[in-house]
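Report on one structure; see the data block that follows.
The values are calculated or read from the model by the stated rules, or taken from the named source; none is laboratory data. A quick note: this is a predicted structure, and the numbers were derived from the prediction, not measured. Note that each Cβ is placed from the backbone with ideal geometry, even for glycine, and that neighbours are counted across all protein chains shown. For accessibility, only protein heavy atoms count, side chains too; no ligands or nucleic acids. Shrake-Rupley method; radii C 1.70, N 1.55, O 1.52, S 1.80 Å.
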Amino acid sequence: MGEDRNENVGDVTVKAEDNRTEQTQETPEDNLEDNPEDNMQKQINSVVNNETMKYTDIAIRQRENERTYIQNIKNSSSGLSLGDLKEEALLSDSKTVSRFSPAWNQTLASTAAIVMTFTAGLTSGYSAILLPQLKLKESTITCDESTASWIAAMAALPMAPGCLICGWLMEKFGRRNAHYMVSAPFLLGWILIACANNLALILLGRFFTGLCVGLIGPLGPVFISETTSPQLRGIFLAAISLAIAFGIFIAHLIGTWVHWQWTAIICCIFPIISVILLSLIPESPTWLISKGQIEDGVKAFSWLRGYDDEARAELKAIIDKRKAADLEPTPTLREKIDSLKSPELIKPLFIMIVFFVTCQFSGVNAVAFYSIEIIEKAVGKGLDHYLTMLAIDVLRTVMSVVACVTCKKYGRRPLCLISGIFTALSMVCLSMFLYWTDGKPTNLTWIPLSCLMIYICAISIGLVPLPWMMCGEVFPTRVRGLGSGISSATTFVSFFIVVKTAPGMMSELGEVLTFLFYGIVALVGTGILFFILPETKGKSLQEIEDKFKSGKISIA
């Protein structure tokens, strides 16, 4: 170790250097007199001391660089240049930690939100196993068709208000704190269902869990978007739809063999797991910086994203935007209302509303909520309906995994178009088959089953995951909570309408017209999205916002 290094690391390094100097001055005669075992122990101690000193030096230098980094940001009026913090000054002796730690931290942060979304999937899948059990003769709670539709739809009823509340909640208290707040009513809802001995408690429990699904709808994508890099953002956002699909599958799997109350008890575990994970991660750095907490924001950003050039460039853009906002005069109420008409809000809001409505009115949640009934009507009595439901759930989960991979590799537009076209074709073909057979028994049950399988595959790789992914990408920081809340509220209003009307459409219009309606909506919606949907893959959130603001957002 040289003199410069001693000056940088202080007394700890000096003492370590002195110890090594004394060891190197031992004479050969002294070594000969020592016991061989003592010599070996001295060598081991020397190595340990050297390594301890080296990593102490690294830690000290890293802390000094972080303090300098934050101070420069605070003092600078024009932002921090990328050259102010050299990469070789950061963990230069520990390339493994420098390279892999940010990806691991981003995974941990995303998992906390994804587990909460998984609980939302349990809510969506729960009615499909609850309703058949309530209709059994031995059930202590009576359930007719009207009651069943309300039990299913009660979860969807508060989802839209939940989205609007969440927009305010995440802006006021932060993304991570909002997750904490959602976990309490989520747990309460499952406890009420587990303890229910009458219809009122079931409906109340479904209301609370549905409210939390609405709360988590915009919250999860926004939190993941603000805590992940552009390279990893797509796969983590796609994991939201995977979590929902897996939650539906687990609810169906457990409920196939377990009583509905014990299924609810098991569902209580997952909000608790999410809270534990949230305690290990920081708040969204974008939100912290937007609230003027620059130092905390920089620390959170560095913990999540590391110190590479791309991360520093994005951090500089976020801080420069905050500084520019500080220089602007405080807007009046009239100016705030006028700002809601800005193109960077209106354009993405219109796109997301079209996207969410297309997804919902393609019938995705009608299939999830009434799996047994729809399979019975579409496939007939030739197959075990519960086994068929689980097979469809497995396929939905597998295709959600495929969506995570394809969303990382391919753009949003091609996936949307492929998904929409095949979703429409599968529904139209299923409708034509049912019209042709006219309810008569047939040995061709594999045809409607194949149509359902193609439908699940197609909708799971595009129309389901993409709106939730882009909901966290396309809105500007200052109205991200509002924009994602309104667009998510739109999908949950559509969600409620589809789930509440599906049984009536089946009985009044028939399966043929119901499935044909879902197919036509998918086709028309995909046609509209072809002309308006932008490509956001690989772009930073700031870049997407700037392009919407300039009106030059590309659909290519």
Response to the item:
Mean accessible area per residue over the range 207-259 (1.4 angstrom probe, all protein chains present, square angstrom) is 23
Worksheet item: So which of K291/K537; K172/K347; K291/K408; K299/K347; K299/K409; K316/K547 end up more than 22 Å apart, counting from Cα to Cα?
Response: K291/K537; K172/K347; K291/K408; K299/K347; K299/K409
Worksheet item: Computed on alpha carbon atoms, what radius of gyration and Dmax characterise the range 420-549, expressed in Å?
Response: 18.3, 58
Worksheet entry | Where K321, K408 fall by accessible area, highest first, once all protein chains stay in place (1.4 Å) | K408, K321
Practice prompt. Quick one: plug the Kirkwood hydrodynamic radius of the range 450-525 (C-alpha pairs) into Stokes-Einstein at 4 °C, 1.567 mPa s, and report D in µm²/s.
Written response: 90
Worksheet item: Given the range 385-450 reduced to its alpha-carbon atoms as identical point scatterers, what log10 I(q)/I(0) does the Debye formula return at q = 0.12, 0.19, 0.23 Å⁻¹?
Response: -0.45, -0.91, -1.07
Worksheet, complete the sentence: Ranking S487, C457, I497 by how far each Cα lies towards the positive end of the charge dipole of the range 441-552 (+1 on Lys and Arg Cβ, -1 on Asp and Glu Cβ), the top one is S487
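At a 1.4 Å probe radius, carbon and sulfur cover how many percent of the accessible area of the range 190-320? Write down the numbers at each step before the final one.
Working: 3080 of 4280 Å².
C and S atoms contribute 72 percent here.
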Worksheet item: How big is the shadow of the Cα convex hull of the range 237-368, averaged over all directions, in nm²?
Response: 12.6
